[in-house]
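> Right, I'll just put the structure down here and ask away after.
Here, each number is a calculation from the coordinates, and none is a lab measurement. Because the structure is predicted, anything quoted here is derived from the model rather than measured. Here the Cβ is made from the backbone with ideal geometry for all residues, glycine too, and neighbour counts use every protein chain on show.
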Amino acid sequence: MSKGVLLVNLGSPDSTDPKDVKKYLDEFLMDERVIDVPYWARVLLVRGIVLNTRPKKSAEAYKKIWWEEGSPLIVLSERLQSKIDDLTSVPIALAMRYGKPSIKEGLQELHDKGVDEVLLFPLYPQFAMATTETILVLAENLRQKHFPEMQFTTVPPFYNHPDYIRVLAESISDSLKGKDFQHLLFSYHGVPERHIRKSDITKSHCKIDGSCCQTPSEAHQFCYRHQCFETTRLVAEYLELKENSYSVSFQSRLGFDPWLQPYTDRTIERFGKQGMKKLAIVTPAFVSDCLETLEEIAMEGEEIFHEVGGKDFNVVPCLNDRDDWVKILSRWIDEWAHQKAVEV
């Protein structure tokens, strides 16, 4: 069999035009694993309310971070693909869950190269319904409909893999070298609490209290909250961070249902009001910088911190196309290409 790899990231609008942003938001928010309510309620909420108000505001946010080459997330993902391509003989295609290039286009590209065994590589360290799961479900639906001869292998969440922890920790160390900060905040993308409970294969473990994420359970293989805390714990251990010198928060909530807490914006505000002057922040739910890191954190977060008396606000870039990160991904791919399973 001929092997190939499909790297999959979140996606981006085609441009900062409100019409393109509206099209992108419609595809994103109508995903039943992003807003997991009955279809009629999703249509009412998304197409009846959100898409009549949010595209213009989101377009303005995208304009703040848009690069001359295009969307930062797309450009950075393309650079990552190109660098991996230089280090491995395995065909590498790139796709986005929402927007272009689509997962169907990515699979078609591999198919046209004679690939019939595909390594699906969601570029998310932690598992979540709205990230990893929705990619795998769509890819499988497309396989059955358009590429029945293909076989899939999936890279599991790598939130606790020593290689990933090392490169993430070293990226933090490199970014903050010579900089003085009082606290390191690990900000992860937020999800509704109900997503955690829905992903609980035991149907009883995930109570989202002070202990369930620290109590061993098979539920943790699909628990986004546990995996975020575990990434943080392992990085803190690697960097030998002192207790109380770091913490976890969650960003980007939508709607009025309970989402994972504490919230990043309120945490930043609280730190400033408590007299903190120097804050550093890293966003390990993303491997590529995007709207959520470049605008929500690096711009809005800094503004909040300064408004409440904070002074230095240092944002650690995502792994993007760091050479050590590229080498790790290339090695994982080569190991898969010469074995049957991916050992990550």
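> Please name which of Ile49, Val137, Asn160 has its Cα lying farthest along the dipole of segment 35-171 towards the positive end, using unit charges on Cβ (Lys, Arg +1; Asp, Glu -1) and the Cα centre as origin.
Ile49
> Let me test this: with uniform point scatterers at the alpha carbons of segment 230-344, what is the Debye-based log₁₀ I(q)/I(0) at q = 0.11 1/Å?
Cα-only, vacuum Debye calculation for segment 230-344: -0.48.
> Please give the charge dipole size of segment 215-303, origin at the Cα centre, charges +1 on K and R Cβ atoms and -1 on D and E Cβ atoms. Round to the nearest 20 debye.
400 debye
> Same structure, new question: List the lysines whose alpha-carbon lies under 16 Å from that of Lys3, not counting same-chain residues fewer than 8 positions away?
Candidates past the 8-residue exclusion: Lys113, Lys340.
> Related question: What is the fewest-to-most order of Trp332, Trp66 by other Cβ atoms lying within 10 Å of their Cβ?
Fewest-to-most ranking of Trp332, Trp66: Trp66, Trp332.
> Restricting everything to alpha-carbon atoms, can you work out Rg to Rh for the chain with a Kirkwood hydrodynamic radius?
My calculation puts Rg/Rh at 0.95.
> Checking the cross-link filter: which lysines have an alpha carbon closer than 16 Å to that of Lys273, excluding same-chain neighbours under 8 positions apart?
Lys311
> Moving on to the next point. Once fully extended, how much extra length lies between Ser175 and Tyr39, figured as 0.36 nm per residue of separation less the alpha-carbon to alpha-carbon distance?
Gain on stretching Ser175 to Tyr39: 44.6 nm.
> Which of Lys19/Lys145; Lys64/Lys177; Lys179/Lys327; Lys104/Lys145; Lys207/Lys242 have a Cα-Cα distance over 21 Å?
Those over the limit are Lys19/Lys145; Lys64/Lys177; Lys179/Lys327; Lys207/Lys242.
> Based on the alpha carbon coordinates of segment 162-315, what radius of gyration and maximum Cα-Cα distance (Dmax) apply, in Å?
Computed over the Cα atoms of segment 162-315, radius of gyration and Dmax are 15.7, 47 Å.
> Place a +1 charge on the Cβ of each Lys and Arg in segment 162-315 and a -1 charge on the Cβ of each Asp and Glu, then give the dipole magnitude about the Cα centre in debye, rounded to the nearest 20.
480 debye
> Among Tyr263, His195, His205, whose Cα sits farthest toward the positive end of the charge dipole of segment 164-309 (+1 at Cβ of Lys/Arg, -1 at Cβ of Asp/Glu, about the Cα centre)?
Of the options given, the answer is His205.
> Right, here's the next one. Where nothing but the Cβ of Lys and Arg (+1) and of Asp and Glu (-1) is charged, how large is the charge dipole of the chain around its Cα centre, in debye to the nearest 20?
Roughly 900 debye, rounded to the nearest 20.
> Under the Karplus relation 6.51 cos²θ - 1.76 cosθ + 1.60, θ = phi - 60°, what is the ordered set of whole-Hz ³J(HN,Hα) values for segment 195-201, x standing for Gly and Pro?
Along segment 195-201, the couplings run 5, 5, 5, 5, 7, 6, 5 Hz.
> Calculate the length of the line joining the C-alpha centroid of segment 86-136 to that of segment 274-344, in whole Å.
Using only Cα atoms to place each centre, the spacing works out to 21 Å.
> Moving to a separate point now. Rounded to whole Å, give me the distance from the Cα center of segment 213-268 to that of segment 192-207.
15 Å
> Given 20 °C and 1.002 mPa s, how large is the Stokes-Einstein diffusion coefficient of segment 1-54 in µm²/s, with Rh as the Kirkwood radius over Cα pairs?
Estimated via Stokes-Einstein, D reaches 168 µm²/s.
> Here is a follow-up. How big is the C-alpha Rg of segment 166-254 next to the rule-of-thumb value 2.2 N^0.38 Å, as a ratio?
Expressed relative to 2.2 N^0.38 Å, the Cα Rg reads 1.21.
> With only alpha-carbon pairs counted, each pair once and no self-pairs, how large is the Kirkwood hydrodynamic radius of segment 252-300 in angstroms?
12.3 Å
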